[in-house]
Amino acid sequence: MTQDDMKKAAAHAALEFVPREGVIGVGTGSTANYFIDELASLKGRLEGAVASSVATAERLKRHGIPVLDLNDAGTLAVYVDGADEATAQRALIKGGGGALTREKIVAAASRTFVCIADEGKLVDVLGRFPLPVEVIPMARSLVAREIVTLGGEPVWRQGVKTDNGNIILDVHGLKILDPWALEERLNQITGVVTNGLFARRGADILLLGTPSGVRRL
Ligand code: 5RP
């Protein structure tokens, strides 16, 4: 079974969490894209979806699923999105696709966060995947120096501008033993918009595609 097959299986399993009616939140990335394709079969029963990126909004619209502004949608029943790394405690690294800030906002606005991924994303300790940090462009060097003092090695994701007009620093070399504390610490650096640790608001349900079926944590 390929990694893509495992992503598709997890995406399919997430359909179980789609409510009978109302608005849901939808994430960004290849696994989330598989979920959007699956969601098309249920579109008649949904009022619409809130997208965590411009790319996701476009894909939803291509399937005929109405895209709503979060400000008009209120609290969402469920948010479905992928991850770059996940622990068994359901803390995540996200933002490989650069959509971390909007993903964090939609996750915060949702009662239940269902994270979908292939089993290769499950780790004991977060940090092998470089941690994305979204930064206001003029603060790039300032934030990078601060991150070095915390023991990280920030690398500017060249040529990438987020949907919010900001830049991304990918932080290498971290062994994140306390994701909750690091998430808070990074957010306190002036110029940081948000970071890709989802620990304070982690996933409520983790669906992992494996060669022997979908594992639920
Ligand atoms: C985008 C994300 C994605 O969820 C994450 O990068 C996983 O992507 P994929 O499903 O393609 O493996 O956080 O910002």
- Quote the relative contact order of the chain in percent (integer), defining contacts as alpha-carbon pairs under 8 Å separated by 6+ residues. 24
- Query: How far is helix 30-39 tilted off the main Cα axis of the chain, in degrees rounded to 10, range 0 to 90?
  - Reply: 20
- Query: In nm, to one decimal, how far is the Q188 label point from the R128 one, both placed 7 Å along Cα→Cβ?
  - Reply: 3.1
- Query: To the nearest 500 deg cm²/dmol, what mean residue ellipticity at 222 nm is calculated for the chain from DSSP H runs of n ≥ 4 alone, each contributing -39,500 (n - 2.57), summed and divided by the residues?
  - Reply: -8000 deg cm²/dmol
- Hey, can you find the accessible area per residue of region 131-195 for me, probe 1.4 Å, expressed in square angstrom? 54
- Message: For the chain, I need the span (max minus min coordinate) of the C-alpha atoms along each principal axis, in Å, sorted largest to smallest.
- Response: 51, 39, 28
- Task: Report, please, the projected area of region 1-77 averaged over directions, based on the convex hull of its C-alpha atoms, in nm².
- Result: 4.8
- Query: Over all pairs of distinct alpha carbons, what does the Kirkwood formula give as the hydrodynamic radius of region 38-125, in Å?
  - Reply: 13.9
- aspartates and glutamates within cross-link reach of K121: Cα-Cα under 15 Å, excluding same-chain residues under 8 positions apart? D4, D5, D81, D84, E85
- Query: Based on Cα positions only, what radius of gyration and what Dmax would you give for region 105-199, in angstroms?
  - Reply: 13.6, 38
- Message: Ranking request for peptides 18-30, 200-212: highest mean number of other beta-carbon atoms within 10 Å first, then the rest in descending order.
- Response: 18-30, 200-212
- Query: Once you put a point 7 Å from the Cα of D178 and another 7 Å from the Cα of R111, both along the Cβ direction, what distance in nm separates them?
  - Reply: 3.4
- Item | Unit charges on C-beta of K, R, D, E only; dipole of region 11-76, Debye | 140
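The values are calculated or read from the model by the stated rules, or taken from the named source; none is laboratory data. Since the structure is predicted, the reported quantities are computational estimates derived from the model, not experimental observations. All Cβ positions, glycine included, derive from the backbone under ideal geometry; neighbour counts span all protein chains shown. Areas reflect the complete protein model, heavy atoms only, side chains present, ligands, DNA and RNA absent. Shrake-Rupley method; radii C 1.70, N 1.55, O 1.52, S 1.80 Å.
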